[in-house]
1. Of (1) surrounded by 18 or more Cβ atoms within 10 Å (Cβ to Cβ); (2) in contact with a strand residue (DSSP E or B) (Cβ under 6 Å, 6 or more places away or on another chain), SER184 satisfies all except one. Which?
2. State whether the residues of the range 93-115 include one that is in contact with a His (Cβ under 6 Å, 6 or more places away or on another chain), closer than 22 Å to CYS68 by Cβ and buried (at least 21 other Cβ atoms within 10 Å of the Cβ).
3. Check off (1) modelled with pLDDT under 90; (2) at negative phi for VAL136 and give me the number that stays unchecked.
4. So which strands (runs of 3 or more DSSP E) are wholly in the range 83-190 and hold at least 1 residues that are polar (S, T, N, Q) and in contact (Cβ under 8 Å) with a residue 12 or more places away in the chain?
Amino acid sequence: MVESVDTSASAGSSGARHSLPGSSAISAVPESAATVAAATAASAQDTLRVDFYVLEEAAPGARLRVACRLAEKAYLSGQSTLLWHSDPEELRTLDDLLWTFMDGSFVPHEMLSPGTSADVPVLLSAGAVPERQVDVIINLAPDVPTCLAKTQRVAEIIDGDEARRRAGRARFRAYRELGVKPASHNVRGD
């Protein structure tokens, strides 16, 4: 079980507290990792905040539960959220888990599709880019999201699985190449 998940830690320090940012100042919609770099590099240092939540557990369910907690925390603080994943099947599991991960919890969410309402606070996507800006992207995919231009905040969740850790290290380096200084936070389980 996760002791605590802090969505308010500063990108420069895991001990400082700041609220999640509002709407994004980045306006281009990149279509590939190379385009992400080109569209984001000039302003990423000042506008994009990336936090890595590193779990001890290797079970895939652990990172999905942390994603649910982050989405709930963002929703309760009035932030719009995009849960980004490249695995449609695991995204469907996450969709179900958002209804059941904690007694009494309610996180209104919907799979992103052309008819998705702009009022839904939490969107789930396996590659579709939202038309609107979102306050936070929770990335569960092995690559940097192609829709960085849609946010000012990315939460990366890394569990103990060695392949996901390697992919996480590669994303950490990719963000640094964009001029972003990601912060890391260890999340312990019970």
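1. (1)
2. Within the range 93-115 (the criterion being in contact with a His (Cβ under 6 Å, 6 or more places away or on another chain), closer than 22 Å to CYS68 by Cβ and buried (at least 21 other Cβ atoms within 10 Å of the Cβ)), the answer is yes, since at least one residue qualifies.
3. (1)
4. Of the strands (runs of 3 or more DSSP E) lying wholly inside the range 83-190, those with at least 1 residues that are polar (S, T, N, Q) and in contact (Cβ under 8 Å) with a residue 12 or more places away in the chain span 122-125, 136-139, 183-187.
The values are calculated or read from the model by the stated rules, or taken from the named source; none is laboratory data. Because the structure is predicted, anything quoted here is derived from the model rather than measured. Ideal geometry is used to build each Cβ from the backbone, glycine not excepted, and the neighbour counts take in all protein chains shown.
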